[in-house]
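The values are calculated or read from the model by the stated rules, or taken from the named source; none is laboratory data. Values in this document were obtained by computation on a predicted structure and should not be read as measured data. With ideal geometry, Cβ positions are generated from the backbone for all residues, glycine too; neighbour counts draw on all protein chains shown. Remember, those area values only see protein heavy atoms, side chains included, never the ligands or the DNA or RNA. Shrake-Rupley method; radii C 1.70, N 1.55, O 1.52, S 1.80 Å.
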Amino acid sequence: MNKYRDFDNYLKEYPDENGYFGKYGGNYLDNPELIKAFNEYAEGYMTIAQSSQFIAELRRIRKDFQGRPTPLYHCQNLSNMLGRTQIYLKREDLNHSGAHKLNHCMGEGLLAKYMGKKKLIAETGAGQHGVALATAAAYFGLECDIYMGEVDIAKQAPNVTRMKLLGARVIPVSAGLKTLKEAVDAAFEAYSKEYKTAIYCIGTAAGPHPFPLMVRDFQQVIGDEARAQFIEQTGHLPDKVVACVGGGSNSIGTFVPFLADPVEIVGVEPGGRGEKLGDHAASVTYGSEGIMHGFNSIMLADENGEPAPVYSNASGLDYPAVGPEHAMLHDMNRIKYVTVSDEEAIEALFILSRKEGIIPAIESSHALAYAIREARKGKPESIIVTLSGRGDKDLDYVVEHYGYGENIKL
């Protein structure tokens, strides 16, 4: 029996009409006005997603504006250094604006125009979602408000500058730990007051229905391209497909096209500085089922069942829950979830920079670190790593905290 056949009709089966991936997902918002707004959002998306005009316009945007398809790059120097394993990078860092985020932001901007909205509202952690949404807003002639924790504003100064240059209003969030979770809270509150004229654009494959569905659909271009490119280059499928997982947008977009293939799929979570609650953001590895930000999934919770404090040196990964589709695929044992520490990720960043002339984002470096870990075992296999973003945004932070990698052994 071929266990992968269970996924032959996967996209038709998940999510169901209420936005559930198995027991995860749904819409648990308690604000009647927001529920109405999200239902309108879902109806608008499900209608426009079937439109040939919408699909044709999105394809044109991806080709002419985003620069897709992005390359699948064989890291020959890195692979030779490590031994027998061949590592390939899906270069989302070469997607316009420097990360995978634009894949869903342009789709959401197009949907906003279709629905007659005037403003895009969002949160951002590492700033890449904020930059991508500000880019989309400029392209479609829309206003843009980006909520960002004060800690992340300090860490990601280059992206804050880019957002402002693109015309977005960056609104600091000073509550709680002043990071991604609090930025989401603030963006939700703002949207509840402006939903009649604005559209909320979450930055990951999480949140209430229809966000996990929409972001998955828009991000699936990553895996579709990577699968076809790898077969074209090698004549066969890879042994492993790897991507970093915070909320889970770049990873779910990478993974879904490979679900029915005999390929090992690995999601890499931020192990931070240790296993103690508050020292990491590895929701699947250490979390349990719970409801947060209007959806049911696997989350990190404190003793009161509330979202726990989280930490990662990658601002785009420090979220205390994972998208509901990831939670289901974990329970189905189709995707393996592992952790990589801060130090491992930084080592991978320096290694790739030195061996291939590519400076990755810290988020992406988590996935790369796992591939390097596996390659050091000496097996003759091939691994695709989604390089979800470039490291420009992290340079000041990396040099301040880790220097120039003088102690890294190549």
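A compact table of results
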quantity	calculated
Top of 286, 88, 370 by mean-square fluctuation, Gaussian network on the chain, Cα under 10 Å	286
Kyte-Doolittle mean at least -0.5 and Cα axial length at least 27 Å: DSSP H helices in the chain	211-234
Added length on full extension, which subtracts the Cα-Cα distance from 0.36 nm per residue, residue 273 to residue 161	37.4 nm
Packing rank of 29-37, 312-320, where each peptide gets the mean count of other beta carbons within 10 Å, highest leading	312-320, 29-37
Whole-number percent relative contact order across segment 28-92, with pairs defined as alpha carbons under 8 Å at least 6 apart	20 percent
Separation of alpha-carbon centers, segment 329-384 and segment 65-123, rounded to whole Å	17 Å
CD proxy at 222 nm, helix term only [per DSSP H run n ≥ 4: -39500 (n - 2.57); per residue of the chain; nearest 500]	-13000 deg cm²/dmol
Candidates 234, 161, 124, ranked by Gaussian network fluctuation over the chain, Cα under 10 Å, top entry	234
Modelled FRET efficiency - R0 25 Å, residue 30 with residue 114, Cβ distances, 0.05 increments	0.35
Å² per residue, accessible surface of the chain at 1.4 Å	39 Å²
Top positive-direction residue, dipole computed over the chain with Cβ charges, set 127, 165, 321	165
Listed residues 321, 138, 371, most fluctuating in the chain (Gaussian network, C-alpha, under 10 Å)	138
Accessible-area composition of segment 105-256, carbon plus sulfur, in percent [1.4 Å probe]	53 percent
Net +/- balance of residues flanking residue 65 in space, Cβ distance below 13 Å, scoring K and R +1, D and E -1	+3
Test item: Cα-centred dipole of segment 204-268, Lys/Arg +1 and Asp/Glu -1 on Cβ, debye	180 debye
Of 336/409; 240/355; 379/409; 164/355; 63/117; 90/164, those spanning more than 32 Å from alpha-carbon to alpha-carbon	164/355
By average C-beta atoms within 10 angstrom, highest first, the peptides 249-261, 391-403	249-261, 391-403
